[in-house]
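The block underneath contains the structure these notes are about, expressed in structure tokens.
Since every read-out is calculated from the coordinates, none of them should be taken as a lab result. Fair warning: this is a prediction, and the values are worked out from it, not measured in the lab. Every residue, glycine as well, gets a Cβ built from its backbone with ideal geometry; the counts of neighbours run over all protein chains shown.
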């Protein structure tokens, strides 16, 4: 008899769970319908809905949650100042769950069910490629905040992270001039490292560099003993590191265990920022290089308040990093474009965004009208003992984005057919 | 089983089927385009669940590699769509991966007929080959399951590594037309929904026919005592191979439908996690009952959508709780509920009637 009681109880619980979820969803659904009925796309009286779509679960959550927080902070700040067009921004948050088809599904939901005015989201190239057809099909607007491999310019996406000529290409040139000619390329086995290395190889050929080796490991790989012995044997001047995520922890720890420090071997990483340093440990990373457009230490008035506010909101132990800042910029750029356009209509916002300038924490940035990327300053930094970067070099002026590398003669074969 | 069913129960069953059919056929009336699209995706998943149930619930073979078969079907359809979208030019990812000409094995996929046939036959063939080497050598139980996991890892690594030929981690995406019709238009979406409903019903009828036939009896006999079947004079390996192959073909079919609904296929859809998820649908829905397996796929995926939309930060906890509740309190899955209703009515415990499963399938 006791078993029966348990069974009925569990049944009740399941039913309750489902009912609960159903109800909350219903409420949400009805309010959204209500507001959209009264005033069309973008939200109701006095509010504008915006979508936020990052991985809040799964392997990418560790990186993407911080970007989501920066975007929420920007929305809060804008709302505190009276919103956009006198309307409050209401974020609709969805979880991409580190799964690319889920990104496509949630993007579709945000545009066609919630009728958001724009979406801020994505991290991996794969998630962006999955969302791209959805945004083009439904004529939505996506702000993508992470540096990536270039060779793309969708009319429905604004890219607020760096493209290759704002991070990788200048970094290689700087290394060739300052650190040596012999490059060893190490990356995770997916699209960004493979495409980046293809570009680097062309550039090395053109600028007199030399390829000492090229290795890929699966995402999440943790045994670098073989690769470190290959590096030792090849004796490169520079290891250009496009590893992503946990692999960096293993690689740098084992590099140090093998007795190789930053003094013996130059490494430059393009996916290791302040957040990753926290995870990997300063002791193993001190002295290694990275290339970004923004560091927490970047000295601008806007950055001072940005870092201060971020720490106040999310904790003094938190750090800001390039993608976090790019996500924050995206919200402000969109808001400025909407103010200028006087509407949240996608075509009008895109038109208004052309040439738009803003004093971001990373310095002055400007939207390129042609490819919807951003003019950004390139910065090469060295990891310090406190886990922050010291800037060694910067490009001075913001660099014009060139996703197809059309301005580089040696890149001709890369961008053919586009 | 049916002989033992009392007529009121038969009525209930009939009512259930009618309700399900009405719900499916009227869905376009009460669901928005987006929701209809989601439901269509779930129905495609239900086809995978049916196939999995055929080999796990009825034959006792646990495959943790159905993501691969699903993915192969998906890629076959995606390759066709991609070639259509590229309109004679090289697909974009090949271009930026440095290929200058279309690889030979891509060429036949420009024909829909070939792509469709390949989407079902390729997975079925792969399963047949894998089955030939394992079942014939009497590799079964956990060892077979581990082999299927190995298949997943090999395939995913291969697809990620061959970026120029497969699109790498990004997978194949960015296509818009099927037979000259835009995949984005609501009419196409509705048609595709109907196609999926028909496919699901066909898959169900096929599985039910197989299960009720002599073939199905042998499958169940293999599940309950493989050696006895062998001693009686049957060759279990042949039955296992055929069942496994049909199951893989169904997964391939589902993969093709999935691509049409979602618009992307990537190695992440054939990885270990989705493969295990597919088994979960069957386990939660009710192993050894076809309706249970299909319902499990639909309900679990609906729950996933609803929870993740309502609580984007905490939905995984809800899913976890749901799994725990089902595993602890409904060992026979959601389909076991029907048994419980019987118990509620009659006021006494119903014993196994041989249809639900109450023994370990992995031995």
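Structure values in brief
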| read-out | value |
| --- | --- |
| Peptide ranges B:204-215, A:323-334, B:88-99, A:368-379 listed from the most packed, as the mean C-beta count within 10 angstrom indicates | A:323-334, A:368-379, B:88-99, B:204-215 |
| Gaussian network model of chain A, springs between alpha carbon atoms under 10 Å - residue of A:206, A:126, A:290 with greatest fluctuation | A:206 |
| Reduced Cα scattering model of segment B:111-209, Debye log10 I(q)/I(0), q = 0.15 Å⁻¹ | -0.99 |
| Ranked by how many other beta carbons lie within 10 Å on average, peptides A:99-107, B:296-304 from highest | A:99-107, B:296-304 |
| Folded to 0 to 90 degrees: helix B:186-212 orientation relative to chain B principal axis, Cα | 40 |
| Over segment A:148-209, volume per residue of the alpha carbon convex hull, in Å³ | 87 |
| Rounded to whole Å, sorted largest first: equivalent-ellipsoid semi-axes of chain A, Cα gyration tensor | 38, 27, 20 |
| Helix-only [θ]222 nm of the protein assembly as shown, DSSP H runs n ≥ 4, -39500 (n - 2.57) each, per residue, nearest 500 | -19000 deg cm²/dmol |
| Projected-area mean, segment A:331-386, by convex hull of Cα positions, square nanometres | 4.9 |
| 10 Å Cβ neighbours from other chains, averaged over peptide A:124-131 | 5 |
| Kirkwood Rh and Cα Rg combined as Rg/Rh, segment B:130-270 | 1.07 |
| Euclidean distance between Cα centres, segment A:61-103 to segment A:303-343, Å | 10 |
| Viscosity 0.890 mPa s, 25 °C: Kirkwood-radius Stokes-Einstein D of segment B:79-122 over Cα pairs, µm²/s | 225 |
| Candidates A:145, A:133, A:398, ranked by Gaussian network fluctuation over chain A, Cα under 10 Å, top entry | A:133 |
| Hydrodynamic radius of segment A:188-326 per Kirkwood, over alpha carbon pairs, in Å | 16.4 |
| Degrees, to the nearest 10: B:33-56 long Cα axis against longest axis of chain B | 60 |
| Residues B:29, A:285 arranged by fewest to most Cβ contacts within 10 Å | B:29, A:285 |
| Ranked B:69, B:323, B:244, criterion: other C-beta atoms within 10 Å, fewest first | B:323, B:244, B:69 |
| Relative frequency of Cα-Cα separations exceeding 39 Å in the protein assembly as shown, percent | 41 |
| Shielding by partners, peptide A:185-197 (average Cβ within 10 angstrom, other chains) | 3 |
| Volume in Å³ per residue [convex hull over Cα atoms, computed for chain B] | 148 |
| Nearest 10 degrees, 0 to 90: helix B:236-262 Cα axis against chain B principal axis | 50 |
| Listed residues B:13, B:81, B:50, most fluctuating in chain B (Gaussian network, C-alpha, under 10 Å) | B:13 |
| Number of partner chain Cβ atoms within 10 Å, mean per residue of A:99-107 | 6 |
